[in-house]
Amino acid sequence: MAAIIRIKTKTPAPYPITAISVATHDTKTFRFALPENATLDMLPGDHLYVHTSINGKAVKRPYTPSSLPGTVGYFDLTIKRYETGVVSKYVHEQQVGDTVLMSGPNPGGHWVDGMAKKVGFVAGGTGITTMIAIIRWILTKRLDVELFLIFANKTEADIIFREEWDRDAREHPNFHCYHVLEHPPAGWTMGVGRVTGDLLRQRLPPPGPDTIVFLCGPPPMVEVLEGTLKDLGYPEEAVILP
């Protein structure tokens, strides 16, 4: 059996798309091929840069793989298409067989086994994509860690991987998930509006030496909630921005 090669590149390299699946009305998961004995050299939460040229200008954007670290032969990126997002629109225009230039993985706000016993995740929209691999890693490895996810979206149709979160909540007693919608459907029984300090206090594990919180979403949301978490007693080093 060939030794596993761990890939990390500083210069952009081409990766071919082998499959595309629909996650929501504006979000897709793109599967990229690696050599059959290769994996990305990364921890859960690390990111790659997608590189392209728009109107003659080089641009790049970070994306966190949604596939598990250590996966051999391929990796996945889950990307939402934004009308003002030049790179997200570029990737969404690609088809199976096309190649996309990427560099990395690069270290970000990632998970390291043993760093906490209780982990909060506060995600707004596509902020969840920075956390997918971390949640999947902890649950797949059956680590002794309790997870608390607060996931804010505009509508129910915007919830990325809704079925997965529902299944995880049913199958893993250590996984707790609470959705917040700005525009909920009739009969909605979870959160409405925006994530507030009261909601964080109710749904996250309290501050403590074995508690950390991952926070990712639109910049205005992150800026406000960073301050709110500080006011609730979470030390700066316990709040991680992937």
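Miscellaneous remarks
- Coil-residue trypsin sites (Lys or Arg not before Pro) of region 162-213, DSSP, other Cβ within 10 Å capped at 15: R194
- Each residue of region 66-79 is assigned a 3J(HN,Hα), and the resulting list reads 8, 6, 5, x, x, 4, 9, x, 6, 8, 10, 10, 9, 10 Hz, derived from the Karplus form 6.51 cos²θ - 1.76 cosθ + 1.60 (θ = phi - 60°), x at Gly and Pro.
- For the residues V195, V112, V100, a GNM of the chain with alpha-carbon springs under 10 Å puts the largest fluctuation on V112.
- Result for the chain in a Gaussian network model with C-alpha springs under 10 Å: among M42, M221, M131, the largest mean-square fluctuation is at M221.
- For V213, the residues 5 or more places off, or on other chains, whose built amide H falls under 5 Å of its own are G120, V239, I240.
- For H47, the residues 5 or more places off, or on other chains, whose built amide H falls under 5 Å of its own are N106, G108.
- Of the residues T11, V100, P44, the one whose Cα sits farthest towards the positive end of the charge dipole of region 5-105 is T11 (charges of +1 on Lys and Arg Cβ, -1 on Asp and Glu Cβ, taken about the Cα centre).
- The spacing between region 93-107 and region 128-152, judged by their C-alpha centroids, is 24 Å.
- The mean sequence distance of close C-alpha pairs (under 8 Å, at least 6 residues apart), as a share of the length of region 5-105, puts its relative contact order at 40 percent.
- Phi-derived couplings, Karplus 6.51 cos²θ - 1.76 cosθ + 1.60 at θ = phi - 60°, listed residue by residue for region 93-98: 7, 7, 10, 4, x, 6 Hz, with x used for Gly and Pro.
- For region 61-140, the Cβ-based charge dipole about the Cα centre amounts to some 280 debye (Lys, Arg positive; Asp, Glu negative; other atoms uncharged).
- Estimated FRET transfer efficiency when R0 is 30 angstrom, pair Y82-T9 (beta carbons, to 0.05): 0.70
- Straight-distance crosslink candidates among lysines, where the alpha carbon sits under 20 Å from K28 and sequence neighbours closer than 8 are dropped: K60, K80, K89, K154
- Pair D41, D198: separation of 7 Å Cα→Cβ label points (nm): 5.0
- Segment E93..A19, full-extension length gain: 25.3 nm, with 0.36 nm per residue of separation and the alpha-carbon distance subtracted.
- Full-stretch length increase - M190, K117 - with 0.36 nm per residue and alpha-carbon distance subtracted: 23.7 nm
- Selected from K89, K141, K117 as most flexible by GNM, with the chain as the system and alpha-carbon contacts under 10 Å: K141
- Note on K230: lysines with a C-alpha under 24 Å away, same-chain residues under 8 apart excluded, are K117, K118.
- Placing unit charges on the Cβ atoms only, positive for Lys and Arg and negative for Asp and Glu, gives the chain a dipole magnitude near 400 debye about its Cα centre.
- Using only side-chain charges placed at the Cβ, +1 for Lys and Arg and -1 for Asp and Glu, the dipole size of region 5-105 relative to its Cα centre rounds to 260 debye.
- Largest first and in whole Å, the equivalent-ellipsoid semi-axes of region 5-105 read 21, 16, 12, each the square root of five times a Cα gyration tensor eigenvalue.
Computed from the coordinates by the stated procedures, all read-outs in this text should not be read as laboratory data. Please read all numbers here as calculations on a predicted model, not as lab measurements. Here Cβ is always computed from backbone atoms with ideal geometry, including for glycine, and neighbour counts include all displayed protein chains.
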